[in-house]
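Student: Just passing along the structure, written as structure tokens.
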Amino acid sequence: LMPGKSSEISLGIHDSSAALWPYISGSKEPFILLSTGTWSICLNPFNDTSLTKDELKQDCLCYMQADGQKVKASRLFMGNEYNNWINKLSLHFGVDDTYHKKVVFDKALYQKAKNTSSTLVYWTSIDHSDNEIAKMANMDLSWFDSFEEGYHHLMKELVQLQVDKIQLVITGADVKKICIDGGFVDNNFFLNILSEKLSSFEILPSLMPLGSAMGAVLALKRHHLSELFLQTEPGN
């Protein structure tokens, strides 16, 4: 320490455990936190059951809260696969690699994707039971008339993977809320399709970048947030 300077030293906290803190301190009801990005981590702090062999095979794990309580979690390499397929779609249709941000959700294109029951997307970094079937199909991009059509299909299958991961951790409490933060909060496709597939849940995207850093500071200071931070409309 520098002479005359004071400093606070605390025990370390895992980034995923830190990310939970604002929600635990600000929510009065059970919830699941879906932290999205390159890795999408689904955390249920109200499920302290032991991991089963089947859950371990499906990439589930167990974190600890700051108070030592267990947190059942599942993870998905969603952001990585999303980026891989955006690159493939952009190259095939000759568009800029930022074009996907301009695509608007189209009910007709989404319904067309839903009408295709077979799995078309082959995941290069996600282990999935339908991967071999999809690998043979190889998602021939010439099947799609436009980038928009391919994108709707990609998001349909990608969100289904996320739903499957959420289902792995929802036991243990009567959870009705799913809080979402991270990179996919701004993706209307992701939020719309997730809301449709999990219609019995209240989907709450975070409007502020809470992140692990804020959670770590709140844990150190033992501060709590108002439940207003979970508001879904600015100013409400």
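The values are calculated or read from the model by the stated rules, or taken from the named source; none is laboratory data. Bear in mind that the values here come from a model prediction, so they are computed numbers and not experimental data. Reconstructed Cβ throughout: ideal geometry from the backbone, glycine too, with neighbour counts over all protein chains shown. Note: accessible area is taken over every heavy atom of the protein model, side chains too, but ligands, DNA and RNA are not part of it. Shrake-Rupley method; radii C 1.70, N 1.55, O 1.52, S 1.80 Å.
Student: Work out how much length residue 115 to residue 48 would gain on full extension: take 0.36 nm times their residue separation and subtract the Cα-Cα distance, in nm to one decimal.
Tutor: Result for the pair: 20.3 nm of gain on full extension.
Student: Can you pull the one-decimal nm distance between simple spin-label points at residue 59 and residue 98, each 7 Å off the Cα toward Cβ?
Tutor: Here the answer is 2.9 nm between the modelled labels.
Student: How do 97, 59 stack up against each other in accessible area, from largest to smallest, with a 1.4 angstrom probe?
Tutor: Sorted by accessible area, descending: 97, 59.
Student: Continuing with the same structure: I'd like the accessible area for residue 200: 1.4 Å probe, protein heavy atoms, all chains in place, Å² to the nearest 10.
Tutor: Approximately 80 Å² for this residue.
Student: Net charge within 12 Å of residue 34 by Cβ-Cβ distance, Lys/Arg positive one each and Asp/Glu negative one each, not counting residue 34 itself?
Tutor: With Lys, Arg at +1 and Asp, Glu at -1, the net is +2.
Student: Another question, if that's okay. Residue by residue, what Karplus-based ³J(HN,Hα) values in Hz, rounded to whole numbers, does the range 47-55 have, using 6.51, -1.76 and 1.60 with θ = phi - 60° and x for Gly and Pro?
Tutor: 10, 10, 6, 6, 5, 9, 4, 5, 5
Student: So how exposed is residue 179, as accessible area in Å² (1.4 Å probe, rounded to 10)?
Tutor: Accessible surface of residue 179 is approximately 0 Å².
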